[in-house]
Amino acid sequence: MIAQFFILLETINDFIWGYFAFLLIVGLGGYFTIRSRFYQLRKFFAIVASFFFFFKEKTKGEGIHPIKVFFAAIGGCIGIGNVVGICTAVQLGGPGAIFWTWIAGFTGMLIQYAEVFLGMKYRIRKLGGYEGGPMYFLPKAYKTKIAAVVFSILLAIYGVEIFMFNVMADSLSYNWSIPKYLVVGGLLSLIFYAVIGGISRVGEICAAIIPIFILLYLGMGLWVLWKNLSLLPVVFKSILHGAFTPQAAVGAFAGSSILLTISMGLSRGAYSGDLGVGYTSILYTATSCKDISRISALTILSIFIDTFVISSLSILLVLLTEKWSTPLHVTLMVQEALSEFFPFMHFFMPFFLFLLGYTTVIAYLVVGLKCAHYLSPKYGKIVYYIYAGLSFFLFAFIDPTQAFVIMSLSGALLLLLNLTGIFLLRKEVTFER
């Protein structure tokens, strides 16, 4: 009965991502791309320069420093979804799925920009700082406050990152032979410690962890690519071919249709980059920066790092080593790929996944708390802490693919609600010339 229920959820999820989400991400992102004259390409190096200039800026008046906000947001993007979740795209949809992940990333850059832009435009001063996000601009789009309530409920569910928590608990318990109950208890303690400190503490933790991860993972991944340089043309050919043709069975891979390939690529790409779910907008609107276009443009850099660097590297690793078509559990694919070139990966990867999962879970949870507080300023946070603790504990002991379906489906519903609202307000979004 439970298995049939999750099969139904997965069918609905694939339908939404294969049809509606495809049109919204590619259509709306394509619209902003053409209207802005490929802003994400024209201004890319200026955005990178702006990122480094932000380091020199002092926090002026109310709000959180832009760099803390950037790392809090990217802490939610870059995580287990880039190492494990993204591998389910090729495991289920074949090599061509990564092409659609790239499409999601490229067009999604300006969707993310628009989401933060509107959040900044309609944000309000509150308790010595700022609050904003889709719950403040969606009522303008839909002409009803019900949109804000529905959005907040969905993001509160999405904010409890049960998939990441499940993978962390599994990896640490399995590889280090620690009883799972102890692992779960320890993780919950660390998560709630960070979240109680708010966006500022989450930003500090992510700023300490994420750069170390990027350098280490990039270094190891590029070494593997260098050692397999001659195979890259064949891999890219399989990606382009698989993006537009049904995939026949290979090894343990069962084959896939074009619809499934598109669905897997878009959903996993959107999931790893948090496209359209409103999470980024809520975090960025807490910044002290008053320049709406400048702060919104930082999201382009975060999507580039998330999708075109980390996620792409993970996919190339499992394709080059052919781990994608083996019966390996998805949580072990990258680990086994790297273990062909580096020793002690069964010790290193669980620690890696813990750091990544930790930054993602705390970033999501702090946003979920904001949604709970929006729904009920008096009891929202207390109820949410209880809900989060129970959900993390229960879903730590189920199949991670079931947890992923729940996250993906709630993300799809958020995307439909949020991107339709952004479409209705599209004329209010402006880009620097």
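Just so it is clear, none of the values below were taken in a lab; they were calculated from the coordinates. Source: prediction; values computed, not measured. Neighbour counts are summed over all protein chains in view; Cβ atoms, including those assigned to glycine, are modelled from backbone coordinates with ideal geometry.
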### Karplus 3J(HN,Hα) series, Hz, for region 3-11 with 6.51 cos²θ - 1.76 cosθ + 1.60 (x for Gly, Pro)
4, 5, 4, 6, 5, 4, 4, 5, 5
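For Cα pairs less than 8 Å apart in space and 6+ apart in sequence, what is the mean separation divided by the residue count of region 12-426, i.e. the relative contact order in percent?
38 percent
Using helices alone, I'd like the mean residue ellipticity at 222 nm for the chain: each DSSP H run of four-plus residues gives -39500 (n - 2.57), total over residue count, nearest 500. All intermediate terms of the calculation are to be shown ahead of the outcome.
Values: 21 runs with 306 residues, N = 433.
Estimated from H runs of four or more residues: -23000 deg cm²/dmol.
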### Task
Would you mind ranking Met264, Met120, Met345 so that the residue whose beta carbon has the fewest other beta carbons within 10 Å leads the list?
Met345, Met120, Met264
## Note on the structure
Taking a straight Cα-to-Cα line shorter than 29 Å from Lys143, and setting aside same-chain lysines fewer than 8 residues away, one finds Lys121, Lys126, Lys290, Lys370, Lys378, Lys381, Lys427
### Message
Please rank Trp176, Trp102, fewest neighbouring Cβ atoms within 10 Å first, as an exposure proxy.
### Response
Trp176, Trp102
### Summary
Burial-style ranking of 76-84, 350-358, 181-189, average other-beta-carbon count within 10 Å with highest first, yields 76-84, 350-358, 181-189
## Note on the structure
For Lys323, counting only lysines whose alpha-carbon sits under 22 Å away and dropping same-chain residues fewer than eight positions off, the answer is Lys227, Lys237
### Loop sites in region 1-67: chymotrypsin sites (Phe, Trp or Tyr not before Pro), DSSP, at most 16 other Cβ within 10 Å
Phe38, Phe55
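If each residue's Cβ is checked for other Cβ atoms within 10 Å, how do Asp399, Asp306, Asp170, Asp274 rank with the fewest at the top?
On the way: Asp399 13, Asp306 26, Asp170 22, Asp274 33.
Ordered by Cβ neighbours within 10 Å, fewest first: Asp399, Asp170, Asp306, Asp274.
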### Task
For Thr287, list long-range residues whose amide hydrogen, built 1.01 Å from N in the peptide plane, is under 5 Å from its own amide hydrogen.
Ile64
